[in-house]
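Visitor: So that we are looking at the same thing, I have put the structure below in structure tokens.
Please treat every number below as a calculation from the coordinates, not as lab data. Predicted, not measured: the structure shown is a model, and the values here were computed from it. Note that we place each Cβ from the backbone using ideal geometry, even for glycine, and neighbour counts take in every protein chain shown.
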Amino acid sequence: MSYFGVLMLIFGVSVLLVGLYMYSGHKLNIMTSRASFRNLDSEGWKQVGKWTMLTSLLIFLIALIAFIFKF
């Protein structure tokens, strides 16, 4: 059993859920303090959510590699 793979899988699911939350048009208060996210409209949050979900695919790929090679 790969504990690193399990942790990456849990982290990937959490990043995917945050991406889905942003893709539905909700704002994250922790991110609105940054200047680049301050004036985003609903369409902007959808773009950020889409890229966050795509990033979670990379994390899932790392978890899959960890399961295969048993890191």
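Visitor: Tally the residues that are farther than 30 Å from residue 71 by Cα and either in contact (Cβ under 8 Å) with a residue 40 or more places away in the chain or exposed (fewer than 15 other Cβ atoms within 10 Å of the Cβ) (or both), restricting the search to segment 6-26.
Guide: Going through segment 6-26 one residue at a time, the tally reaches 3.
Visitor: Between 51, 45, which is surrounded by fewer than 14 Cβ atoms within 10 Å (Cβ to Cβ) and assigned to a helix (DSSP H, G or I)?
Guide: Answer to the selection: 51.
Visitor: Given the conditions (1) out of contact with any helix residue (DSSP H, G or I) (no Cβ under 8 Å at 6 or more places or on another chain); (2) surrounded by 13 or more Cβ atoms within 10 Å (Cβ to Cβ), and given that residue 69 satisfies all but one, which numbered condition is not satisfied?
Guide: For residue 69, the exception is condition (2).
Visitor: Filter segment 2-31 down to residues that are under 8 Å from the mean Cα position of the chain (by Cα) and on the phi > 0 side of the Ramachandran plot, then give me how many there are.
Guide: So the count comes out to 0.
Visitor: Among the residues of segment 29-42, which ones are part of a loop (DSSP other than H, G, I, E, B) and surrounded by 15 or more Cβ atoms within 10 Å (Cβ to Cβ)?
Guide: 31, 40
Visitor: Answer with yes or no whether residue 60 is surrounded by 15 or more Cβ atoms within 10 Å (Cβ to Cβ), in contact (Cβ under 8 Å) with a residue 60 or more places away in the chain and either touching a helix residue (DSSP H, G or I) at 6+ places or on another chain (Cβ under 7 Å) or closer than 30 Å to residue 3 by Cβ (or both). First the steps, then the outcome.
Guide: Values: surrounded by 15 or more Cβ atoms within 10 Å (Cβ to Cβ): yes; in contact (Cβ under 8 Å) with a residue 60 or more places away in the chain: no; either touching a helix residue (DSSP H, G or I) at 6+ places or on another chain (Cβ under 7 Å) or closer than 30 Å to residue 3 by Cβ (or both): yes.
Considered against the rule, which asks whether it is surrounded by 15 or more Cβ atoms within 10 Å (Cβ to Cβ), in contact (Cβ under 8 Å) with a residue 60 or more places away in the chain and either touching a helix residue (DSSP H, G or I) at 6+ places or on another chain (Cβ under 7 Å) or closer than 30 Å to residue 3 by Cβ (or both), residue 60 comes out as no.
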